[in-house]
Amino acid sequence: MPSIELEDVYKIFGDEPEIALKLLKEGKGKDKIQAETGQVVGVRGISFTIEDNELFVIMGLSGSGKSTLLRCVNRLVEPTSGKIVLHADGTDYDVVNADSETLRQIRETQMSMVFQNFALFPHRTVIDNVAFGLEIQEVNKKERVRKAKELIEVVGLEGFGDSYPNQLSGGMQQRVGLARGLATGAEILLMDEPFSALDPLIKVQMQDELLDLMEEMQRTILFVTHDLDEALKLGDRITIMEAGKMVQLGNPEQIIVNPKTEYVADFVENADPSDVLRSETVATTSFEPDENNRVRLTESAEVELDSKGRPVQGYFSQTPIEIRSLDELSELNEDVILSTGPDTPISKIMRARLTYATTPVIIVRDGVMIGFVTERNILHGLLEKGREDL
Ligand SMILES: Nc1ncnc2c1ncn2[C@@H]1O[C@H](COP(=O)(O)OP(=O)(O)OP(=O)(O)O)[C@@H](O)[C@H]1O
Ligand SMILES: [Mg+2]
């Protein structure tokens, strides 16, 4: 199972990278260095590990170094310094120092790439474009065509196998690019803004397909985007780049709740946090049971705990009501106390509240109540993104 380790990776574009590196060490910024020396800082000091079966997102404004960083990983861009190690098939490949034969092998069998601008071969049909990686691997024609057809179907292009790229819309070409990336069977996919040319509806569809693929095919994906909603939806973790530097690395919730710099805060300001914020983050977590071991949740709703803090009985205006798991919702619209785990997205709680309007939701970890979510908690989460200091 593959993983990729990056350590202190730099890329300077220009013929005097040492000068730029020295100025960077002295604390000079990208713009200044470019103005003084003509050297362009692509990326600087990048370290992280992409774990097996992780979808790792690189995000940032145009020119921040996303494509450069992605391309360092398969050395379409030669890193100026730093270490990149690919762990795959029980082998540790030193990517930066790999000879051309090893590099070729890595590119053909371990990592495939989906390009920002599709990069299809204009004189090849869709099938032959998709099958290209297999052709290089010298897979026989029958098998190539079978596999290509299968993936053309996966990306929703059945019937277009014999078309040429210029007969397809931009979005369709992007799908061909995706199918080509998947066809080689490489476990690592490097994807550079693969969906940016798509209409919003189709984009969402492709994102969902990618997430399904992750489940089915167990890929490890490095994914570049400048679209925050896409990053939040897809990313297990997200790193945010600014002027070649990594300014933050975290899971979607951490990025939303705790943006480390102004730049990140500007990015997340208009994001919809409802799918990202977890129940525990927005919950009221300090509460005291009364002498009857009951915790007051609202004016009229209470929950009774046993001696270990486990919820045993709900009450609404002193009348006993059931505690029911939010995951087992039915259409019955009776008063119940809902219960859910600490990692439930608040969007799911909001949907449940449409059915069960009256009571708050208690948050339970390992059977023990750790907090509860009221309307107010949800509003605070949505408007202030769960941030304490606002
Ligand atoms: N081949 C190159 N030669 C010189 N400079 C380059 C080269 N490729 C990229 N750069 C510079 O490196 C920096 C990072 O570019 P990069 O293409 O990685 O940005 P990006 O984040 O992918 O942007 P976009 O969102 O527009 O694709 C920019 O300042 C760019 O001008
Ligand atoms: Mg780019």
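The values are calculated or read from the model by the stated rules, or taken from the named source; none is laboratory data. Predicted, not measured: the structure shown is a model, and the values here were computed from it. FYI the Cβ positions are ideal-geometry reconstructions off the backbone, even for glycines, and counts take in every protein chain you see.
Counting only residues that are assigned to a loop (DSSP other than H, G, I, E, B) and hydrophobic (A, V, I, L, M, F, W, C), region 278-313 holds 3 of them. Being more than 27 Å from Val9 (Cα to Cα), modelled with pLDDT of 90 or more and in the same structural domain as Gly60 (by TED's automatic domain parsing) narrows it down to one residue among Asp290, Asp192, Asp208; which is it? When all the criteria are applied, what remains is Asp208. Looking only at residues that are among the basic types (Lys, Arg) and more than 13 Å from ligand 1 (Cβ to nearest atom) in region 222-245, which one is nearest to Pro259 (Cα to Cα)? Across region 222-245, the extreme among qualifying residues is Arg237. Among the residues making up region 94-107, those that are more than 25 Å from the chain's Cα centre (by Cα) and not hydrophobic (A, V, I, L, M, F, W, C) are Asp94, Asn97, Asp99, Ser100, Glu101, Thr102, Arg104, Gln105. Looking only at residues in region 66-112 that are touching a helix residue (DSSP H, G or I) at 6+ places or on another chain (Cβ under 9 Å) and within 16 Å of ligand 2 (Cβ to nearest atom), the one that is nearest to Leu21 (Cα to Cα) is Val77.
Just a yes or no: is a residue in region 157-168 part of a helix (DSSP H, G or I), surrounded by fewer than 22 Cβ atoms within 10 Å (Cβ to Cβ) and touching a residue at least 12 places away in the same chain (Cβ under 8 Å)? There is at least one residue in region 157-168 that is part of a helix (DSSP H, G or I), surrounded by fewer than 22 Cβ atoms within 10 Å (Cβ to Cβ) and touching a residue at least 12 places away in the same chain (Cβ under 8 Å). Can you find even one residue in region 206-221 that is outside any helix (DSSP H, G or I), within 16 Å of ligand 1 (Cβ to nearest atom), under 13 Å from the mean Cα position of the chain (by Cα) and among the hydrophobic types (A, V, I, L, M, F, W, C)? No, every residue in region 206-221 fails to be outside any helix (DSSP H, G or I), within 16 Å of ligand 1 (Cβ to nearest atom), under 13 Å from the mean Cα position of the chain (by Cα) and among the hydrophobic types (A, V, I, L, M, F, W, C).
Every residue, every condition in (1) modelled with pLDDT of 95 or more; (2) within 29 Å of Thr80 (Cβ to Cβ), yes or no:
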position	(1), (2)
Val224	yes, yes
Asp229	no, no
Leu234	yes, no
Arg237	yes, yes
Met241	yes, yes
Gly244	yes, yes
Gln248	yes, yes
Glu253	no, no
Tyr263	no, yes
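Residues considered: Val77, Val57. Of these, the only one that is touching a Leu at 6+ places or on another chain (Cβ under 8 Å) and either surrounded by 16 or more Cβ atoms within 10 Å (Cβ to Cβ) or not in a strand (DSSP E or B) (or both) is Val57.
For every residue, the table says whether it meets (1) outside the structural domain of Gly82 (by TED's automatic domain parsing); (2) assigned to a helix (DSSP H, G or I); (3) over 15 Å from Gly177 (Cα atoms).
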residue: Asn97; (1), (2), (3): no, no, yes
residue: Leu103; (1), (2), (3): no, yes, yes
residue: Thr109; (1), (2), (3): no, yes, yes
residue: Phe118; (1), (2), (3): no, no, no
residue: Pro122; (1), (2), (3): no, no, no
residue: Asn129; (1), (2), (3): no, yes, no
residue: Gly133; (1), (2), (3): no, yes, no
residue: Glu138; (1), (2), (3): no, no, yes
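Contact annotation: residue pairs with Cβ atoms under 7 Å, 6 or more positions apart or on different chains, pairing a residue in region 59-71 that is under 16 Å from Val264 (Cβ atoms) with a partner that is small (Gly, Ala, Ser) and more than 7 Å from ligand 1 (Cβ to nearest atom), are Met59/Ala231; Ser64/Ala243. Once region 188-205 is narrowed to residues that are crowded, with 21+ Cβ neighbours inside 10 Å, within 13 Å of ligand 1 (Cβ to nearest atom) and hydrophobic (A, V, I, L, M, F, W, C), the residue that is nearest to Ile4 (Cα to Cα) is Leu190.
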